[in-house]
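A short worksheet on the structure shown next.
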Amino acid sequence: TNHTYRSEREKDSINHWYECECGDKKDVDVHTFEWIIDKEANFAESGSKHTECTVCGEEILDYILGDVNGDTYITNADVLMIFRYIYNPELYHINDKAGDVNKDGYITNADVLEIYRYIYNPELYPIG
C-alpha cells in the first residue's frame with residue numbers, strides 16, 4: 001500500500017510522528033524537551049519558563065514548587081521574593097502556584113518557613 005503522509009507532524013504528550021490519511025504512522029519518536037526561558041527573573045518580578053520539544057515544538061508549561069523567581073533553583077532569592085510579595089503584592093509579583101508551598105491556597109510566612117527548611121535540610125524537609 002502506498003501511503004501519503006502529511007507534511008506536518010502529529011503529536012501527543014509523549015511522541016510525535018507523521019501520519020497518513022489512512023491512520024498509518026511513520027517516524028514515531030519520543031519528544032526531546034529543553035527549557036525555554038520566556039521571561040528572565042529579577043528581584044521585582046518572577047520569571048517564566050516552559051519546556052519545548054526540539055523536534056516538533058510541543059510545549060509543557062511548568063513550574064517548580066518554591067521557585068517563585070523562575071530560575072529553576074530554590075534559594076534565598078525565592079524567600080526574598082515571597083517576603084516582598086507578602087508585604088507589597090501590588091508592587092511585587094511572583095508565580096502564585098510556585099509560592100504556595102504548603103498548598104493552603106495562600107502565600108504567607110508559613111510558605112517562607114517551608115522554603116527555609118528545604119534550603120537548609122532538603123532531605124529532612126522536602127517540598128511537595
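Worth pointing out:
- Here Tyr63 fulfils each of the conditions (1) open to solvent by less than 70 Å² (accessible area, probe 1.4 Å); (2) under 22 Å from Ile127 (Cβ atoms); (3) among the aromatic types (Phe, Trp, Tyr) apart from (1).
- The C-beta contact set for the stretch 106-127 (first residue under 16 Å from Asp96 (Cβ atoms) and open to solvent by 90 Å² or more (accessible area, probe 1.4 Å), second residue modelled with pLDDT of 95 or more and not β-branched (Val, Ile, Thr), distance under 8 angstrom, 6+ apart or interchain) is empty.
- The conditions of being touching a residue at least 12 places away in the same chain (Cβ under 8 Å), closer than 30 Å to Thr1 by Cβ and either open to solvent by 30 Å² or more (accessible area, probe 1.4 Å) or touching a Lys or Arg at 6+ places or on another chain (Cβ under 9 Å) (or both) are met by Glu19.
- Residue ranges of strands (runs of 3 or more DSSP E) in the stretch 20-61 with at least 1 members modelled with pLDDT of 90 or more and among the aliphatic types (A, V, I, L, M): 25-30
- Count of residues meeting criterion [aliphatic (A, V, I, L, M) and not in a loop (DSSP other than H, G, I, E, B)] in the stretch 87-128: 6
- Of all residues in the stretch 1-16 being closer than 17 Å to Glu52 by Cβ and part of a loop (DSSP other than H, G, I, E, B), the one that is most open to solvent (accessible area, probe 1.4 Å): Glu8
The values are calculated or read from the model by the stated rules, or taken from the named source; none is laboratory data. Worth saying up front: this structure is predicted, and the values here are computed from it rather than measured. For neighbour counting, all protein chains shown are included, and Cβ atoms are generated from backbone atoms with ideal geometry for every residue, glycine included. Remember, those area values only see protein heavy atoms, side chains included, never the ligands or the DNA or RNA. Shrake-Rupley method; radii C 1.70, N 1.55, O 1.52, S 1.80 Å.
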